[in-house]
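A short reminder: the numbers here are calculations on the coordinates, not readings from a lab. Everything quoted here is computed from the prediction, not taken from an experiment. No Cβ is skipped: glycine too gets one built from the backbone with ideal geometry, and neighbour counts run over all protein chains shown.
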Amino acid sequence: MSEKYKKIKQIYEGKAKKLYTLQGHPNLLLQEFKDDATAFNAQKRGSILNKGIINCELTTYIFTYLGKKGVKNHFVEQISPNEMIIKRLKIVPIEVVVRNIAAGSLLKKTNFKEGHRLARPIVEFYYKDDALGDPMISDSHALAMKIATEKDLNTLRQMAEKINSLIKPFFLKRGLKLVDFKLEFGKDSSGKIMLGDEITPDTCRLWDKKTNRKLDKDRFRFDLGGVNEAYAEVRKRILGK
């Protein structure tokens, strides 16, 4: 680890990442990416070869790209193959899902068939609560639970749409269709909302542009095989590695 940063204490361990406080940097955290893989609200568990390194590298690259395009995010710098320094955020307990092509849970809620290209992107909100199974919620639910203000919700929606407009062509240029993806946001010490978490094959559905071959965590979810190869392929297309 960089001599500039010294871990103090682990304050969080999730399904894919750990967070540590840093000595002398109260507004920063160290985010460590794990090789662990989970699906179906952690009912299915396993690991993916080099996932921590791949997801750290991809998030570094994509968040740097988004930052240059004016999307405020928590990324500061990558300090090891699977560790980065991030701004400390108070996470808004809402997962924002953007859908460009019908897949996953959308098929259970609509009459769309898998692969149907949506006339316009769909933006959905989900309440971040494992005990409840991260249920889909409306603006009214969020306001009633007081987990976000109307201004917050508008900001989340606008930022998600902007990110989609930037990374959809970003992936397509690299031979990947961005089917759908999940975003998380938080507020910094001044109360400004910015993008957090990660953008990786863990949080995006990515299909090959020509063949529609799935190159994301669905290969793990549904035992499709070739999971390690899919993650490595995404890394190669984006980073040239």
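Assorted remarks:
- Length-normalised contact order of region 4-47 in % [C-alpha pairs under 8 Å, at least 6 apart]: 29
- Net charge dipole size for region 90-226 [Lys, Arg +1 and Asp, Glu -1 on Cβ; Debye, nearest 20]: 740
- In plain terms, the residue of MET159, MET136 with the fewest other Cβ atoms within 10 Å comes first and the most crowded comes last, giving MET136, MET159.
- Between LEU118 and ILE101, ALA102, the built amide H atoms are under 5 Å apart, and every one of these is 5 or more places off in sequence or on another chain.
- Efficiency of FRET from Cβ geometry, GLU77 and THR110, R₀ 41 Å, rounded to 0.05: 0.50
- Annotation for ASN212 and ILE91: the two label points, set 7 Å from Cα along the Cα-Cβ direction, are 3.3 nm apart.
- Taken one residue at a time, the phi angles of region 27-37 give Karplus couplings (6.51, -1.76, 1.60, θ = phi - 60°) of 9, 10, 9, 9, 10, 10, 8, 9, 7, 4, 10 Hz. Gly and Pro are set to x.
- When the GluC sites (Glu not before Pro) in region 1-51 are filtered for DSSP coil states and for at most 10 other beta-carbon atoms within 10 Å of their beta-carbon, the remaining sites are GLU3.
- Computed magnitude of the charge dipole of region 1-128 (debye, nearest 20; Cβ of K, R +1, Cβ of D, E -1): 420
- Taking the chain as a Gaussian network of alpha-carbon nodes connected by springs under 10 Å, the highest mean-square fluctuation of the residues LYS168, LYS108, LYS209 belongs to LYS108.
- Since only LEU172, ILE122, ILE147 are under comparison, the one whose Cα sits farthest along the positive direction of the charge dipole of the chain, derived from C-beta charges on Lys, Arg, Asp and Glu, is LEU172.
- DSSP-assigned coil residues among trypsin sites (Lys or Arg not before Pro) in region 53-97, each with at most 13 further Cβ atoms within 10 Å: LYS69
- Difference of contour (0.36 nm per residue) and Cα-Cα distance, GLU150 to ASP35: 37.7 nm
- Cα-centre dipole for the chain with unit charges at Cβ (Lys and Arg positive, Asp and Glu negative), debye to 20: 660
- Of (i) 53, 45, 36; (ii) 52, 40, 37; (iii) 47, 41, 37, the label for Cα extents along the principal axes in Å derived from the coordinates: (i)
- Only Cα pairs under 8 Å and 6+ residues apart enter the sum, and on that basis the relative contact order of the chain stands at 17 percent.
- Pairs of Cα atoms nearer than 8 Å and 6+ residues apart set the relative contact order; for region 7-87 it is 25 percent.
- Note on region 84-131 and region 1-48: Cα centroid distance 23 Å, given to the nearest whole angstrom.
- For region 7-87: rounded, prolate or oblate by the Cα gyration tensor [a/c cutoff 1.5]: oblate
- Charged neighbours of GLY70, selected by a Cβ distance under 14 Å, balance to +4 (K, R count +1; D, E count -1).
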